[in-house]
1. For the condition more than 12 Å from chain B (Cβ to nearest Cβ) and either hydrophobic (A, V, I, L, M, F, W, C) or under 18 Å from the mean Cα position of the chain (by Cα) (or both), what is the one hit in A:ASP256, A:ASP316?
2. Any residue in region B:84-98 that is on the phi > 0 side of the Ramachandran plot sitting within a Cβ distance under 7 Å of a residue that is surrounded by 17 or more Cβ atoms within 10 Å (Cβ to Cβ)? List the pairs, counting only those 6 or more apart or interchain.
3. Quick one: would you say A:GLY200 is within 14 Å of another protein chain (Cβ to nearest Cβ) and either open to solvent by 40 Å² or more (accessible area, probe 1.4 Å) or out of contact with any Cys (no Cβ under 7 Å at 6 or more places or on another chain) (or both)?
4. If the requirement is being more than 9 Å from chain A (Cβ to nearest Cβ) and open to solvent by 30 Å² or more (accessible area, probe 1.4 Å), which of these qualifies: B:GLY95, B:GLY74?
5. Taking B:VAL105 as the residue in question, decide whether it is open to solvent by 10 Å² or more (accessible area, probe 1.4 Å), within 14 Å of chain A (Cβ to nearest Cβ) and closer than 28 Å to A:GLY265 by Cα.
6. Counting just the residues of region A:216-240 that are open to solvent by less than 60 Å² (accessible area, probe 1.4 Å) and of a type in the set (Val, Ile, Thr), which one comes out nearest to B:CYS123 (Cα to Cα)?
7. Here are some residues: A:ARG261, A:ARG333, A:ARG243, A:ARG297. Which one is open to solvent by less than 20 Å² (accessible area, probe 1.4 Å) and either under 21 Å from the mean Cα position of the chain (by Cα) or modelled with pLDDT under 90 (or both)?
8. Check region A:23-33 and report whether any residue there is polar (S, T, N, Q), within 14 Å of chain B (Cβ to nearest Cβ) and surrounded by fewer than 19 Cβ atoms within 10 Å (Cβ to Cβ).
Amino acid sequence: MRALVLLMCAIGLVQPRIARAQSVVAEAALTGGLSTDEVSAAAAQARLFGDLKNGIRFFGEAAWAGRSLSDDDHDTDSFNAAYPYTNRVQIIEAYGERVFRPQGGLAGIRAGRFRTPFGIYNASDHAYFGFLRAPLVRYDEYSPLSNSLLEHGADLVVGVPQLHVEAALGAPADVGEMTRRSGLDAVVRLQGYYGALIAGVSYMQTPNSQLALDSSGRTRVTGVDLRWMHAGVQLRGEWMSGRPTGEPSATGWYADALIHRPRMGPVTAVVRIERLDWTDAHAGEKEFLSRQTVGARIRLTNALALHVNALHETGDDEYLPRALDVAVTWTVRTP
Amino acid sequence: MLSRPGSLERAVFGQSAGDLHGIARAGDSPARDAVVWLEAPYARPPATGAAAPRVVLDQRNLSFIPHVLVVRVGTKVDFPNNDRVFHNVFSFRDGKRFDLGMYPVGARRQVMFDQPGLSRIFCNIHPNMAAYVLVVDSPYFARTDESGAFTIAAVPAGTYTYHAWRPGAAAELTGRWSSTDGGLQVEWP
């Protein structure tokens, strides 16, 4: 808790200075939530990003999160979307980048600590509903991918806005419960768009998780993602397949709709269906998790948002079949 | 010398035009990002087609830059995505209604603002992003800086009806200004 106070004090100290610099933004978000999965959680995020000299931009994010599970008889991934629940402040991202636009082309380089650029990976995508659950394919226990995967390295983008290749090379620098072993890590992503439809294909080859029985092997993950948005309706989907812990493969997908039509006022609705299939490493049996979610984010004020999600799950007895998550997020931003 | 009914009463075209300097305040504080414009129904019409003026409302660092944009009727506004994430720019309330769909980093969309009025601009992915595009039917307009100061360039001598608007204000200010008055001070209570 002391670390959180220090974090918020740091934002307070920075705020008056950055208020004079239009090109630098400071953001802080505090969230508290409850779930019928017998979970309560609190988290804080602080971000500082903007422009430096010579076209170089920077981005930094630190986070603190704590979570309590009052019922040890079952498992849950409630409030598992965007935070490492380590009860201490951690640097999530810290990088500098430069983007070039040579004659309509697109080129960029990023260096530092950043989220693994696989599929739909930006914080603004999966933290869109702030505090609620990540898709099963981005849930680190059974899936080969996690929202908590981070890289220490460099990321290159080459192409045109309509079609470009992104390649990242570095070393795993994960936070949270599932971390990868040390070694070289490579991600390649091809992305294109036509009108409001954006499609991507990603491939990652990375050292196995610390949980893997095979310490020397490598995890390979392939993914396809699609999204389309118009008139306040965003449709998204991801499919991916890989080996989560160096053992037999896991394959999963999700499709969701985020809806914010003019007549909905402060309400943004979400509907998601998803499924993850994997083979249990020890028993050798095929297992699955399937989930349907209906939820909403309601802007109570410019700074305050309420999140509500109702879920139905099948496939794993360790998870309760139904859950209701409720969270409130307070955000402050300067300028 | 022209002398016509309406708001432009004693404009003297052909005489040397001068810059109008002024300041906008809201109570005791400078009114930043306020817009001041002069009615000018007899001003030369804006260029159209390919010659139509173009200005940029940038998307960068999860913000629209500038926060307030003022343009003349008939202006094309470019909305480039120079950020690190996707954006979906739209406006559905007053003024020009449009939805540019989602587009990635490096892409650019364009909107022609062909009617006067205020458009509130948002991003459907990032609810904290907001901006205003105020479209005026006059070539004489300006946006205030951080100190509330503004300059309207090359205003022909004459008497004008002025309007002033700022984000969050309940009402638009209106008044009279003559080039013989010198500077213009607009004040919200």
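The values are calculated or read from the model by the stated rules, or taken from the named source; none is laboratory data. Here the structure is a predicted model, which is why all the values come from computation and not from measurement. Note that each Cβ is placed from the backbone with ideal geometry, even for glycine, and that neighbours are counted across all protein chains shown. The accessibility values were calculated without ligands, DNA or RNA, using every heavy atom of the protein model including side chains. Shrake-Rupley method; radii C 1.70, N 1.55, O 1.52, S 1.80 Å.
1. Numbers: A:ASP316 fails: either hydrophobic (A, V, I, L, M, F, W, C) or under 18 Å from the mean Cα position of the chain (by Cα) (or both).
Unique residue meeting the criteria: A:ASP256.
2. From region B:84-98, the pairs are B:GLY95/B:LEU118; B:GLY95/B:SER119; B:GLY95/B:VAL135.
3. yes
4. Just one listed residue meets the conditions, B:GLY95.
5. yes
6. Once the filter is applied, the top-ranked residue is A:VAL233.
7. Every option except A:ARG297 fails the conditions.
8. Looking for residues that are polar (S, T, N, Q), within 14 Å of chain B (Cβ to nearest Cβ) and surrounded by fewer than 19 Cβ atoms within 10 Å (Cβ to Cβ), one finds at least one in region A:23-33, hence yes.
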